[in-house]
Amino acid sequence: MRTQYCGQVTESFIDQTVTVAGWVHRRRDHGGVIFIDLRDREGLVQIVVNPDTAEIFAKAERLRSECVLKVTGKVIPRFEGTVNPNMATGMIEIVAQDIEVLSMAEPIPFQLDEKNVSEEIRLKYRYLDLRREEMQNTMMLRYKVTRAMRRYLDDQNFMDIETPMLTKSTPEGARDYLVPSRTHLNKSFALPQSPQLFKQLLMMSGFDRYYQIVRCFRDEDLRADRQPEFTQLDIETSFMEEDEVMALMEGLTKNLFKEAIGVEFDYDFPRMPYSEAIKRYGIDRPDLRIDMELVDVADLLQNIDFKVFAAPAKDPKGRVAALRVPGGAKISRKEIDAYTKFVGIYGARGLAYIKVNDLSAGIEGLQSPIVKFFPDQVMEIMARVGAEDGDIVFFGADKAKIVNEALGALRVKVGEDLGLMNGEWKPVWVVDFPMFEEINDEGDLTAIHHPFSQPKATTEEILNHKNPEEMLSKAYDLVINGLEVGGGSVRIHNSEMQAAVFKMLGITEEEAQEKFGFLLDALKYGCPPHAGMAFGLDRLIMIFGNIDSIRDVIAFPKTQSAACLLTAAPGLVDNTQLADLGLKYRKPVLAKTS
């Protein structure tokens, strides 16, 4: 039907007859000559329709935006003064010899080059939204990245193997999407949150290098970088140590940057222990472009009368930390109030600060309502954080978790607001994660990554450890510019250690057998040491394309309330279908009105 894509007709085709097909991007009538910009996925080409071809000209007069055409014509150079050097086809145009209207288009609900179209409209008419140049470019970028993933892993002797979409519900940190079974009434499948258990089983089956670009499903509250169904690159290897896996995955990441956006790294990615990341940045995915760090000052404030600082300074689970913001003294009181409200999201009960106007004047050169509470310590604090004239120093004092999350988030927000980002790409491996963390005051534990990660301990040490929250795991995350793009771990490969970890998590033998019996059984029949990693494909595309919302890197995404505006899903299901599943239709409960 066509000989070339519109965007690929260049000067090399001059004096040739070509056939192109696509959508009318715009139509212009210039003194009897009609110009049509015809668009396909590769770009635009200008079609010229002269009035001396009456039949063709009559067709062109009836066209509107988004009509679908097939055009045959001769490629000629553009006249001087009409050349468009910003277009790949800007040196030529096609003189139409025949136009076939393949499909007429009604007036569309928004223009494709319109900037302020609401996301609701864009998602409702997603098939139109996807025609826009930026969306076409993003989908092409996504394809290039997945192609590069496959090429790299194929070259490294990995096998692409599918795993089930209908599986067993297992506790993996988020709610499952359930699929009731018709043939097994009152029982349900679950859509996989990840292929974690199946890829471990593949290692036990002898497929020592597996990968899969796979859809995953989690029924959780959404945000700008989260969707109920998302895509990840899933990888697992056998007979490889932690460092070997990380080196292989770092090579993959560097290859993706080069293939996707032409960025090359000529250095090894730095590694940072989890404890150091939390201490310096308050978060396990630090954005290293921001040259600001949290500084502990609790030791200087334990004996002051100001209980807001003294109490958490004495608390073994508390923290008092300072965050110096270079040039931050210019931040207004109104902006400080806004930052105070911001850290409240993370549980902080306030945001203390000191503006540094003139250090040479001592305490008199500091501006703050809190200086009077610790006058003997304040200058030592200023020296410890490296304060200079014109800075502001923010303080967090509370449970360590609250201080870390609040100041960690504030660091990024202030860094963005004040333009304190240094460098374009800052990758870092975060390693040595704790195996467990406490989830309540009773000391109940949960796994930081998942219960299949291998601790840096023996089975006996796990069962006899007096402070299990201090135990480390062989887990690793790859962080780029403050975003976790991938994470993985060395897995447990013997049943005794797996049972010990389940016991630490309060999972009984009966519950373990019910939830993970197939895995525990498989561990008994010769399991190789194995390790793996998963990359968030959607998040990688966000980074490569400098895109803020995950919904703009997925062809057909859900809204923040997990609905599809295009198809009106989820929807009501026919009672007959429900009956087949042993379910009954329940009428929605209407709110009472007065």
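The values are calculated or read from the model by the stated rules, or taken from the named source; none is laboratory data. No experiment lies behind these values; they were computed from the predicted model shown. All Cβ positions, even for glycine, are placed from backbone atoms using ideal geometry, and neighbour counts span all protein chains on display.
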Residue pairs within 6 Å by beta carbon, gap of at least six or interchain, first lying in the range 343-357 and over 17 Å from SER332 (Cβ atoms), second of a type in the set (Asp, Glu), listed first then second, are TYR346/GLU405
Just one of the numbered conditions (1) part of a helix (DSSP H, G or I); (2) touching a helix residue (DSSP H, G or I) at 6+ places or on another chain (Cβ under 9 Å); (3) β-branched (Val, Ile, Thr) is not true of THR340; which one? (2)
Of the conditions (1) under 30 Å from LEU141 (Cα atoms); (2) at pLDDT below 95, GLY582 fails just one. Which one is it? (1)
VAL9 touching a Ser or Thr at 6+ places or on another chain (Cβ under 8 Å) and either of a type in the set (Val, Ile, Thr) or over 21 Å from MET104 (Cβ atoms) (or both): yes
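Residue under question is THR183, and the condition is that it be part of a loop (DSSP other than H, G, I, E, B), of a type outside the set (Lys, Arg) and in contact with a Pro (Cβ under 6 Å, 6 or more places away or on another chain); does it hold?
No, not satisfied.
Residue check: is GLU120 among the acidic types (Asp, Glu), loosely packed, with under 12 Cβ neighbours inside 10 Å, under 30 Å from ASP37 (Cα atoms) and within 22 Å of the chain's Cα centre (by Cα)?
It is true that GLU120 is among the acidic types (Asp, Glu), loosely packed, with under 12 Cβ neighbours inside 10 Å, under 30 Å from ASP37 (Cα atoms) and within 22 Å of the chain's Cα centre (by Cα).
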The range 22-45: number of residues that are modelled with pLDDT of 95 or more, of a type in the set (Asp, Glu) and either more than 35 Å from the chain's Cα centre (by Cα) or on the phi > 0 side of the Ramachandran plot (or both): 1
Counting only residues that are out of contact with any Gly (no Cβ under 8 Å at 6 or more places or on another chain), polar (S, T, N, Q) and assigned by TED's automatic domain parsing to the domain that holds LEU256, give me the helices (runs of 4 or more DSSP H) lying completely in the range 74-160 with at least 1 of them. 133-155
Residue hits (the range 417-458; surrounded by fewer than 17 Cβ atoms within 10 Å (Cβ to Cβ) and polar (S, T, N, Q)) are ASN422, ASN440, THR446, THR458
If ASP552 satisfies every condition in (1) within 33 Å of the chain's Cα centre (by Cα); (2) in contact (Cβ under 8 Å) with a residue 60 or more places away in the chain; (3) within 25 Å of MET159 (Cα to Cα) but one, which is the exception? (3)
What's the number of the only condition in (1) touching a residue at least 24 places away in the same chain (Cβ under 8 Å); (2) over 30 Å from THR183 (Cβ atoms) that PHE516 fails to meet? (2)
Members of the range 146-186 found to be among the small types (Gly, Ala, Ser) and either touching a Ser or Thr at 6+ places or on another chain (Cβ under 7 Å) or at pLDDT below 95 (or both), listed by number: SER169, GLY173, ALA174, SER181
Quick check on my filter: what residues within the range 66-85 are more than 14 Å from GLU11 (Cα to Cα) and modelled with pLDDT under 95? GLU80, GLY81, THR82
Please report, ordered by residue number, the helices (runs of 4 or more DSSP H) entirely within the range 502-594 with at least 1 residues that are assigned by TED's automatic domain parsing to the domain that holds SER489 and under 30 Å from ARG209 (Cα atoms). 537-545
